[in-house]
Amino acid sequence: MGDEGRARLLAGVTLAVARHLGVRLPDLALLSAWGSPIEVAVPAAEASPWLVGAAGQALLDRDGRRRRGVFHTPPALVAPVVRWCLEGARPARVCDPAVGGGAFLLGVAEELAGGGEARASVVRRLVGVDIDPVAAAATEAALCLWCGGEAVPDVSVADALLRDEGEWGEGFDLVVTNPPFLGQLARETARSRSASTSLLERYGPAAGGYADAATVFLLLGRSLVAPGGRVAMVLPRSFLSARSSGRARRRVLDGASLERLWLPDAGAFDASVSVCVAVLREGGPRRGSLARATGTPPVELEASVVDAGALAAAPTWSHLVFSGGGPPPCAPVVAGLLGEGCAVSAGFRDEYYGLAPFVVDDPGGDTDDDCFAPLVTSGTIDPARSLWGRRPVRYLKRHWVAPRVDVAALRAESGLGAWATGQLVPKVLLATQTRVLEAVVDDAGRWLPCTPVISVVPPPDRLWHAAAVLLSPVASAWAVRTYGGAGLSPGAIKLSAAQVRAIPLPVDGDAWARAAGEVRRASAVDDPVERLDALLAAAAASTEAYAVTDDGLVDWWAGRLPAHR
């Protein structure tokens, strides 16, 4: 639905709510800028200012919401965040720079009015900005309804990330928002080259690379907040651990402290990613208490003491989110890093899309294996087992049974020939978005990894040793503790190639050799019971190689293995 249709329907909703509430509205953009309102019937029991924003969300189909990265913030998410932000504070100026349907500003307004302040006075202290003119107009209308038509809030249409700094006025006492989630790996949500350049000029390297748009909004929030004020933001949970957010994590703690961290339930709202909520205080103590909560509604956890300097230097913030259910603690004896002896790589967009013209489906096995390389996706990798050709996969928005790459044509007609040659060697392939590290050995060197599968190429005589490390409970525990939260689901592990290079290695010796042998045995058998037996034996041997006392670690790891063994 186009802007005009959305606006006219929302205007109809606004007028229906106004009639039920007995509110006489002033001249609002929503009621006139897009033409005559469409009459809408609203039950009296549902007539509320909150309905305008919820209706605006409903009028965007799921594909439209995903492309824009916008998802309506439900009251269950708004209420606790607003309560935390207003603890001990009566902010004079409040801003939502990605205001959407106005949920956060409505929440702030209700909390402030609960203290006895006149509603019109509250509304005049609220500032909203949104790039979507219909959303901005809906927020203006909702807040005007809320105060009985006695005041119109300051809501502007602009790209807040690039808005002229002089247009914001004085610093805000509270900046709170649920910003667009726009990952930079997908073409449909990636920034243009000119936008990327502008953001880099304004916010520096922390806004570069693959930093999500929500991360840049957090940088904006820090630039808008006044000394002593708070910034509260809904963020993709991957912000806590993703490498692309590392600079931003350091930047936002330069002169501010992390006061609170909340991990709502995975289904807290309609986004397809798990989220977290971070609350920062400008000029807060460098060492102080961090309040933590999980679930929806939030359940408070034991507070932890956090040093802002140490947190800024930490590779991730994943260690802040565990409250039980994580791996048992272990202190492995480490003799190096995986990347010191192995070449580790992962493809990007160029490889993912560049392979497309050369991929064929070969369910009958009719092609020449020497010329057509199996394209291995994360979904076909189980621990020590390839499911290629046995499990359908999804690539380029379609299903494949046995995708193969025409290597000869790839070399002759594309710039990916050298990449393919480097991959067609004996290697270990590591899946992403898994509950434990799942790796499979390509000892013949005949498979091509499909982005984001990670390729690990060790010396030829250490192929199975490398696999034993990746399939060790110690490595999975390290990954969860260090980078947990970067995956699409709360329990998933997602590592970059650089992070895989940092996986610790055990002391070389008999235990590591036994683990490698058991992984090789697991890879050679079809019987699932025998394979599981070999995997558990490899897990026990690798734990011994790290000199870790198995205090439930192998059981924790085994409980997270895929059910299809």
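What the table shows:
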item	result
Sites Arg287 and Ala547, calculated FRET efficiency, Cβ-Cβ separation with R0 35 Å, nearest 0.05	0.55
Equivalent ellipsoid semi-axes - Cα gyration tensor, the chain, angstrom	48, 28, 20
Farthest positive-ward along the range 110-170 dipole, Cα basis, beta-carbon charges - from Val152, Val123, Ala113	Ala113
For the chain, calculated [θ]222 nm from helices alone, where every DSSP H run of n ≥ 4 adds -39500 (n - 2.57)	-10000 deg cm²/dmol
At most 16 other Cβ within 10 Å, DSSP loop - trypsin sites (Lys or Arg not before Pro), the range 233-308	Arg286
Spacing of the two label points (7 Å from each Cα toward its C-beta) at Ala498 and Val529, in nm	4.7
The range 3-41: trypsin sites (Lys or Arg not before Pro) in DSSP loop, at most 12 other beta carbons within 10 Å	Arg24
In degrees, nearest ten, helix 3-21 long axis to first principal axis of the chain (Cα)	50
Intensity falloff of the range 327-418 expressed as log10 I(q)/I(0), Debye formula with alpha-carbon point scatterers, at q = 0.12 Å⁻¹	-0.51
Estimated distance in nm for a label pair at Ser414 and Glu4, the labels positioned 7 Å out from Cα along Cα-to-Cβ	4.3
At R0 = 41 Å, FRET efficiency that the Cβ-Cβ distance of Ala44 and Glu170 yields, to 0.05	0.50
Estimated FRET transfer efficiency (Asp508, Ala79; beta-carbon r; R0 56 Å; 0.05)	0.50
Gain on full stretching of the segment that runs from Arg202 to Val360 - 0.36 nm per residue minus C-alpha separation	52.4 nm
Rounded D (µm²/s) - the range 371-523, Kirkwood Rh over Cα pairs, Stokes-Einstein at 20 °C, 1.002 mPa s	133
Qualifying trypsin sites (Lys or Arg not before Pro) in the range 380-453, DSSP loop, other Cβ atoms within 10 Å at most 14	Arg390, Lys397
Evaluated at q = 0.11, 0.12, 0.21, 0.23 Å⁻¹: base-10 log I(q)/I(0), Debye formula over Cα of the range 1-111	-0.40, -0.48, -1.24, -1.34
Global form of the range 399-485, assessed from the alpha-carbon gyration tensor, a/c cut-off 1.5	prolate
Cα convex hull volume per residue for the range 245-377 (Å³)	239
The range 69-189, Cα convex hull volume normalised per residue, Å³	111
10 Å binning of all Cα-Cα separations within the range 443-565, expressed as whole percents from 0 upward	12, 42, 40, 6
Separation in nanometres of the label points that stand 7 Å from Cα toward Cβ, at Arg394 and Ala313	4.3
Centroid-to-centroid separation of the range 459-475 and the range 508-522 [C-alpha atoms, Å]	8
Principal-axis tilt of helix 528-545 within the chain, Cα atoms, nearest 10 degrees	90
Helix 133-146 vs. the chain, principal-axis angle (Cα, 0 to 90°, nearest 10)	50
Residues of the range 329-351 with amide N under 17 Å of a point placed 7 Å along Cα→Cβ from Ser304	329-331
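Each reported figure results from applying straightforward, stated rules to the coordinates on display, with no laboratory input. Note that the structure is a prediction, hence the values are computed from the model and not measured. Positions of Cβ are backbone-derived with ideal geometry, glycine not excepted, and every protein chain shown enters the neighbour counts.
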